[in-house]
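Peer 1: Structure below; questions to follow.
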Amino acid sequence: MKAQPAQLPQLLKKSLSPVYLVSGDEPLLVQEACDQIRQSAREAGFQDRVTFHADRQLDWGSVAEEFSALSLFADKRRIEIHLPTGKLGDGRGVIEQVLADPGEDIVLILISAKLDPAELRRKWYKLLQSAGVHVTVWPVDTDKFPAWLQQRAQSRGLTLTRGALAILSERLEGNLLAASQEIERLALFSTTGTIDEDTVEQAVQNSARFNPFELVTEILAGRAAHACRILGALQQEGENPLGLLSVLSRDINMTLALQRALAQREVAANFLKNNGVRQPQRARVLEQAARRLSPRQLTLALTRCSDIDRAAKGFGEHSPWFHLRTLSTELALR
């Protein structure tokens, strides 16, 4: 069956299915849905977890052996398989066999980017709909983002004033992961439970050294040494690199688009305003970066963002922090 994230708590309360597919391109909402399933599975006795990443190096034979071992020893555990491309690929046969007769000693969680449309017509997906639950995660529409942000704040016992909500909505621009982190940060500065414009500015000033937005400013400005110091602090604080990446890739894409607009003799201020950039400091940083950096540097930076994304999901030899530092150095070059 198909379900929305809002329906998941009630479904889990009713019963635990042998298989779940959670798919979508909002990392925060996908993560939170998976966390709910994991918690319910742990409470039902599925304490152990085995994780696979379906990249080109994955040996699906070892995955099949893991399922067989579960049946043999009757250990209750969770098997999680990440599908970063939204495709099951060579694993279809293994998963079809599992879905045809799911055992009682296993909870299978498939975690995917937005599912490739072709997969919806495959045999494995039809079996999954009969045997388990597909939780589909959709992006929050731009016009609904302020309401989502306010609701998120309320879940932490906070209320955003109209001015604070306007500032945060513009700054975060629908970035749910960064928004969640910012709400957690703001909670540290609130004594009354109400977040106003002054509280937002205080949070920025007092945590600038640990602030993702300050980091992106330093990277685009080419101040690599300071950017790397901020990266070190953020890494020690346990910041989620995917949240940093969302802000960074957004502004690199905006810088590249502005650069193309400038080449067409468009006025930078008009372009940025028309594209929702209204904060003077951010607009100034983007324009300076568009004039300082070459198209090749910006294109290479987007490739580096892909490396960061893969590393954060467990692929490749280096950590996402390594790639973030490398990107900072590359954008400092003239």
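The values are calculated or read from the model by the stated rules, or taken from the named source; none is laboratory data. Fair warning: this is a prediction, and the values are worked out from it, not measured in the lab. Ideal geometry is used to build each Cβ from the backbone, glycine not excepted, and the neighbour counts take in all protein chains shown. SASA here: full protein model, heavy atoms, side chains in, ligands and nucleic acids out. Shrake-Rupley method; radii C 1.70, N 1.55, O 1.52, S 1.80 Å.
Peer 1: Would you please give the residues with an amide H less than 5 Å from that of HIS82, counting only those at least 5 places away or on a separate chain, with H modeled from the backbone geometry?
Peer 2: Here PHE52, HIS53, ALA54, ILE111 satisfy the definition.
Peer 1: How much accessible area per residue does the chain have, in Å², with a 1.4 Å probe? Walk me through the intermediate numbers first.
Peer 2: Details: 16990 Å² over 334 residues.
Using a 1.4 Å probe on heavy atoms only, each residue of the chain averages 51 Å².
Peer 1: Also, I was wondering about something else. Given 20 °C and 1.002 mPa s, compute D for the chain with the Stokes-Einstein relation, Rh being the Kirkwood radius over Cα pairs; round to the nearest whole µm²/s.
Peer 2: So the translational diffusion coefficient is about 98 µm²/s.
Peer 1: Hey, what angle do you get for helix 241-263 against the long axis of the chain, alpha-carbon based, 0 to 90 degrees rounded to 10?
Peer 2: 50
Peer 1: Roughly what angle does helix 280-292 make with the longest principal axis of the chain, taking Cα atoms, 0 to 90 degrees, to the nearest 10?
Peer 2: Once rounded, one gets 90 degrees.
Peer 1: From the Cα gyration tensor of the range 154-284, with a ≥ b ≥ c the square roots of its eigenvalues, which class applies: rounded if a/c is under 1.5, or else prolate if a/b is larger than b/c, or else oblate?
Peer 2: On the way: a/c = 2.22, a/b = 1.38, b/c = 1.60.
Since a/c reaches 1.5 but b/c is at least a/b, the shape of the range 154-284 is classed as oblate.
Peer 1: Rounded to the nearest 20 debye, what is the charge dipole size of the chain about its Cα centre when +1 sits on each Lys and Arg Cβ and -1 on each Asp and Glu Cβ? Display every interim value, and only then the final one.
Peer 2: Details: 41 positive and 40 negative charges, 184 e Å.
Dipole size: approximately 880 debye.
Peer 1: Okay, next question. Treating the angle as unsigned and between 0 and 90°, give the value, to the nearest 10°, between the Cα long axis of helix 197-206 and the longest Cα principal axis of the chain.
Peer 2: Orientation of helix 197-206: about 90 degrees from the principal axis.
Peer 1: Considering all projection directions equally, how large on average is the shadow of the alpha-carbon convex hull of the range 124-185, in square nanometres?
Peer 2: Values: hull surface 22.8 nm².
Here the figure is 5.7 nm², rounded to one decimal.
Peer 1: Taking GluC sites (Glu not before Pro) that fall in a DSSP loop and have at most 11 other Cβ atoms within 10 Å as cut points, what is the longest piece of the chain between them?
Peer 2: Working: sites that count: GLU104, GLU237, GLU317.
Result for the longest clean stretch: 105-236.
Peer 1: Toward the positive end of the charge dipole of the range 64-146, about the Cα centre and with charges on Cβ (Lys, Arg +1; Asp, Glu -1), which of ILE111, THR142, PRO84 goes farthest?
Peer 2: The listed residue farthest towards the positive side: THR142.
Peer 1: Would you please give the residues with an amide H less than 5 Å from that of ILE195, counting only those at least 5 places away or on a separate chain, with H modeled from the backbone geometry?
Peer 2: Excluding prolines and chain starts, which carry no amide H, the hits are THR159, LEU160, THR161.
Peer 1: Can I ask one more? What's the local net charge at LYS273, with K and R +1, D and E -1, over the other residues with C-beta under 15 Å away?
Peer 2: Values: positive: ARG278, ARG282, ARG284; negative: GLU170, GLU173, GLU266, GLU287.
Its environment carries a net charge of -1.
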